[in-house]
Amino acid sequence: MDRIIAEVHAFDGAHVQLPTPGDGTPEIAWGDAFFFYAPDGRPPAHTQPYATIVTKNYPGDTASGLDTPDRWRLNIQVARTAPAPDLPVDPDHSAVDVVLPHPVYAAQGWICVVNPAERTTHRALSLLRDAHEAARARHERRLTADG
């Protein structure tokens, strides 16, 4: 997890939000990570992150078994259409080190990996770079549209 956070933090214009007690974020987010394109260093007020790391189950999102110690999941927005033809159709969302459709947000173009390791870290970092660049392009389009 630390390697992924460090790699994204090094992307040009990246903002990595790491919620902790006392910072005003909801308790459920503490210990997780949220990745934004934010060249001014502040997460955009009305923009969702392009990727997250979650360290626990969330309400309605328990298929990955993240309440087990030492389990966490990287989530990446890859596209609004089917993210990749090589993803399993009926995945085991508790599988480790496998790129899968997100258990809740696959239809919105999100993929996930529980505990990325040797098989998936390189691909996950590549997908994170792509997601970061897509977020940068959306940011620039908004700036152009706002005039």
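Selection of the stretch 14-28 for residues being surrounded by 15 or more Cβ atoms within 10 Å (Cβ to Cβ) and in contact with a Gly (Cβ under 9 Å, 6 or more places away or on another chain) yields HIS15, LEU18, PRO19.
Being out of contact with any Leu (no Cβ under 8 Å at 6 or more places or on another chain) and buried (at least 18 other Cβ atoms within 10 Å of the Cβ): is that true of LEU143 here? Answer is no for this residue.
So is GLY65 on the phi > 0 side of the Ramachandran plot and surrounded by 15 or more Cβ atoms within 10 Å (Cβ to Cβ) or not? Criteria not met by GLY65.
Just checking, does the stretch 4-13 include any residue being touching a residue at least 60 places away in the same chain (Cβ under 8 Å), surrounded by 12 or more Cβ atoms within 10 Å (Cβ to Cβ), assigned to a strand (DSSP E or B) and touching a strand residue (DSSP E or B) at 6+ places or on another chain (Cβ under 8 Å)? No, the conditions are met nowhere in the stretch 4-13. Name the residues in the stretch 107-127 that are in contact with a strand residue (DSSP E or B) (Cβ under 9 Å, 6 or more places away or on another chain), surrounded by fewer than 17 Cβ atoms within 10 Å (Cβ to Cβ) and under 16 Å from GLN77 (Cβ atoms), would you? Within the stretch 107-127, ALA107, GLN108, ARG123 meet the criteria. Looking for something modelled with pLDDT of 95 or more and under 21 Å from PRO44 (Cα atoms) - is there at least one such residue anywhere in the stretch 86-101? Looking through the stretch 86-101, none of the residues is modelled with pLDDT of 95 or more and under 21 Å from PRO44 (Cα atoms). Considered as a group, the residues in the stretch 56-72 that are touching a Leu at 6+ places or on another chain (Cβ under 8 Å) and without any contact (Cβ under 8 Å) to a residue 40 or more places away in the chain include one that is farthest from ALA117 (Cα to Cα), and that residue is ASN57. In a residue-by-residue description of the stretch 38-47, the property of being over 23 Å from ASP2 (Cβ atoms), assigned to a strand (DSSP E or B) and not small (Gly, Ala, Ser) applies to no position.
The values are calculated or read from the model by the stated rules, or taken from the named source; none is laboratory data. Keep in mind that what you see is a predicted model, and the values were worked out from it rather than measured. Neighbour counts run over all protein chains shown; Cβ positions are idealised from the backbone, glycine included.
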